[in-house]
Amino acid sequence: MADLERLKREFQVDTVFFVDSVFNDPDGHYLELAEALAARQIGVKWAAYFSPKGLTGEGVKLCRRAGLCAVEMGTDASTNVTLRGMGKPFLWADVARANQILVQAKVACAHFIIFGGPDETRETFRKGLENIAGLENCVVFGFSGIRVYPGAPLLKRAVAERVLKEGDSLFEPVYYVSPGLDKGWMDRQLTKAWAGRRDRVFPPQEGQRAVAMLRAFGWRGLIWDRLIDFSAG
């Protein structure tokens, strides 16, 4: 609380982002912070990385009273098959429910979804697009392939599936794409499916260019949250 009050008082900060990898921890410690923020009413808005697992309407309402303005969701995949392949501890139904809870509370939400990860096929890719189409009043950032890092479990899988060779250098970025899935085809399909949608961003470079331009004009904050219009809901 003291840190936030100082940011507000000495630097006129009006928005902060908690960069914990998962803010809404399973033990509920984040609710203690939210209760303290709601009680102090410091006047600082905030956002954080959330997981859809265990998210409740009451918890979001409390965070909203405490100043929560936006959530970046580590969704990572778009079907139950690919969520399991990524080792995620939740199902797509959890993602859809969490999104609806945030929409009802009028909290802006962005999903970050990777296509081409473990167990991705053309069938799961198409199903994933259908699932994403059902997410209302949110922004979705799409990514193609997963960067492989030394020591990561994905590296073992990539070698076993002959996506990479044992001992390949990872100094320059190397990306895993599920075997049998053509990355060019996937990128073209994704670009076509999201064409004309300002709330669906692919490739990532497009979003980065747009953000850089807006910041050059003096825009502050997350910026992507302004792509959501709750007035029609």
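Under the rule of at least 5 residues apart or a separate chain, name every residue whose amide H is placed under 5 Å from the amide H of PHE115.
PHE143, SER144, GLY145
Listing MET213, MET86 from the residue with the fewest other Cβ atoms within 10 Å to the one with the most, what is the order?
Ranked by crowding around the Cβ, least crowded first: MET213, MET86.
Can you tell me the FRET efficiency between SER231 and ASP3 if r is taken as the Cβ-Cβ distance and R0 is 22 Å, rounded to the nearest 0.05? Provide the component values of the computation, followed by the final result.
Working: r = 34 Å, r/R0 = 1.55.
With a Förster radius of 22 Å, E is 0.05.
Compute the acute angle (0 to 90°) between the alpha-carbon long axis of helix 122-133 and the principal axis of greatest extent of the alpha-carbon atoms of the chain; round to the nearest 10°.
Value to nearest ten degrees: 20.
Once you charge only the Cβ atoms, +1 for Lys and Arg and -1 for Asp and Glu, what is the size of the charge dipole of the chain about its Cα centre, to the nearest 20 debye?
520 debye
What length, rounded to one decimal in nm, is gained on full extension from ALA216 through to GLU166, with 0.36 nm per residue of separation minus their alpha-carbon distance?
Contour length minus Cα-Cα distance gives 13.6 nm.
Each label point is 7 Å from the Cα along the Cα-to-Cβ direction; what then is the distance between the points at GLU35 and ALA152, in nm?
3.8 nm
Counting other Cβ atoms within 10 Å of each Cβ, which trypsin sites (Lys or Arg not before Pro) in segment 18-68 have at most 16 and sit in a DSSP loop? Write out the running numbers ahead of the final one.
On the way: sites: ARG40, LYS45, LYS53, LYS61, ARG64, ARG65; in loops: LYS53.
Passing sites in segment 18-68 are LYS53.
Considering the chain as a Gaussian network with a 10 Å cut-off on Cα pairs, which listed residue, LEU33, LEU68, LEU129, attains the greatest mean-square fluctuation?
LEU33
Between (1) 1.04; (2) 1.11; (3) 0.99, which entry matches Rg/Rh (Cα atoms, Kirkwood Rh) as derived from the coordinates of this structure?
The listed entry that was calculated here is (3).
Any idea what the dipole of segment 153-195 comes to, in debye rounded to 20, about its Cα centre with Lys/Arg Cβ at +1 and Asp/Glu Cβ at -1?
I would put it at about 160 debye.
Just to be sure I understand: with springs between alpha-carbon atoms less than 10 Å apart, which residue in ALA133, ALA47, ALA34 has the highest mean-square fluctuation in the Gaussian network model of the chain?
The residue that fluctuates most here is ALA133.
Can you list the trypsin sites (Lys or Arg not before Pro) in segment 104-138 that are in a DSSP coil and have 14 or fewer other beta carbons within 10 angstrom?
Qualifying residues, ordered by number: LYS106.
Grab the Cα-Cα distance for LYS45 and SER21, subtract it from 0.36 nm times how many residues apart they are, and report the gain in nm with one decimal.
6.8 nm
Cα centroids of segment 49-93 and segment 159-233: how far apart, whole angstrom?
19 Å
Please list, ordered by chain and number, the residues whose modelled amide H lies under 5 Å from the amide H of ARG197; skip anything fewer than 5 residues away on the same chain.
Distant-sequence amide H within range of ARG197: zero hits.
Give the long-range amide H neighbours of VAL139: residues separated by 5 or more places, or on another chain, with amide H under 5 Å away, using H modelled in the peptide plane at 1.01 Å from N.
Those lying under 5 Å, H to H, from VAL139 are CYS109, ALA110, HIS111.
Within the chain, how many lysine pairs that are 8 or more places apart, or on different chains, have C-alpha atoms less than 17 Å apart?
Lysine pairs satisfying the spacing and distance rule in the chain number 10.
Pull up the DSSP beta bridges for the chain and report the antiparallel fraction as a percent, rounded to 5.
10 percent
Considering only DSSP states other than H, G, I, E and B, which trypsin sites (Lys or Arg not before Pro) in segment 168-233 qualify as loop sites with at most 14 other Cβ atoms within 10 Å?
ARG197, ARG198, ARG220
Based solely on its DSSP helices, what 222 nm [θ] is calculated for the chain when runs of n ≥ 4 H residues each add -39,500 (n - 2.57) and the sum is averaged over all residues, nearest 500 deg cm²/dmol?
-12000 deg cm²/dmol
Values in this text are rule-based calculations from the coordinates and carry no lab data. The model shown is predicted, which means the values in this text are computed figures rather than measured ones. Neighbour counts are summed over all protein chains in view; Cβ atoms, including those assigned to glycine, are modelled from backbone coordinates with ideal geometry.
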